[in-house]
Amino acid sequence: MENNETYTKLINFLDQNSAQYRLIDHQPEGRTEVVSPMRGNKLSQAAKCIVVMVKVGKKETKYILGVVPGDARINLNALKEMFNGTYISFATPEIAEKLAGSVSGTILPFSFNPELELIVDPLLLENEEIFFNAARLDRSMALKTGSYKELAKPRLENIAQYPQPTSQ
């Protein structure tokens, strides 16, 4: 899937709303832990974007775009409880890419699709800037958190999960 359309939509949206951002070109890479050093950001500043499917009852399926700091995992149980879901899983790559409009590893922390509900962990927004692949594997964006909150209007919920430190 070519994601120039989603990239262009993002840039136009940010420019029309006078968002403060900068673009960072790098080697093609979509894994947060690998791309963050290339961009020069801490993992905790990276917006890790994951599309999740929640079954609510027998008939309804919801898709959520969960965004957590790059050093965290998404807490599926918290999301499942939030929606009183009967089942939760990561969306298939095909569904995630279709809903997000870009390939895995480049999913934006914005939802341009009404079928995809955006939920962001507030810990991510403690950073002055957030970093994410800009719907491309070879280009990332550093976006001022204030601009992000104002434009994405995310639902804020505690959905980040940190691995328990192992005791020595």
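What follows is calculated from the coordinates using simple rules that are stated; it is not laboratory data. This structure is a prediction, so every number in the text was calculated from the model and none was measured. Every residue, glycine as well, gets a Cβ built from its backbone with ideal geometry; the counts of neighbours run over all protein chains shown.
Remarks
- Residue within the range 116-124 that is out of contact with any Cys (no Cβ under 8 Å at 6 or more places or on another chain), more than 19 Å from Glu29 (Cα to Cα), of a type in the set (D, E, K, R) and in a helix (DSSP H, G or I) present: no
- Hits in the range 22-35 - residues which are farther than 18 Å from Val120 by Cβ, in contact with a strand residue (DSSP E or B) (Cβ under 8 Å, 6 or more places away or on another chain) and outside any loop (DSSP other than H, G, I, E, B): Arg22, Leu23, Ile24, Asp25, Val35
- Among the residues making up the range 127-168, a single one is polar (S, T, N, Q), in contact with a helix residue (DSSP H, G or I) (Cβ under 6 Å, 6 or more places away or on another chain) and in a loop (DSSP other than H, G, I, E, B): Asn127.
- Residue match in the range 6-13 (condition: assigned to a helix (DSSP H, G or I), polar (S, T, N, Q), under 17 Å from the mean Cα position of the chain (by Cα) and over 21 Å from Asn113 (Cβ atoms)): no
- Some residue of the range 56-63 being surrounded by fewer than 19 Cβ atoms within 10 Å (Cβ to Cβ), of a type in the set (A, V, I, L, M) and touching a residue at least 60 places away in the same chain (Cβ under 8 Å): no
- Verdict on Leu108 being buried (at least 19 other Cβ atoms within 10 Å of the Cβ) and out of contact with any strand residue (DSSP E or B) (no Cβ under 6 Å at 6 or more places or on another chain): no
- Unique match (being of a type in the set (S, T, N, Q) and in a strand (DSSP E or B)) among Ser44, Ser104, Ser89, Ser111: Ser89
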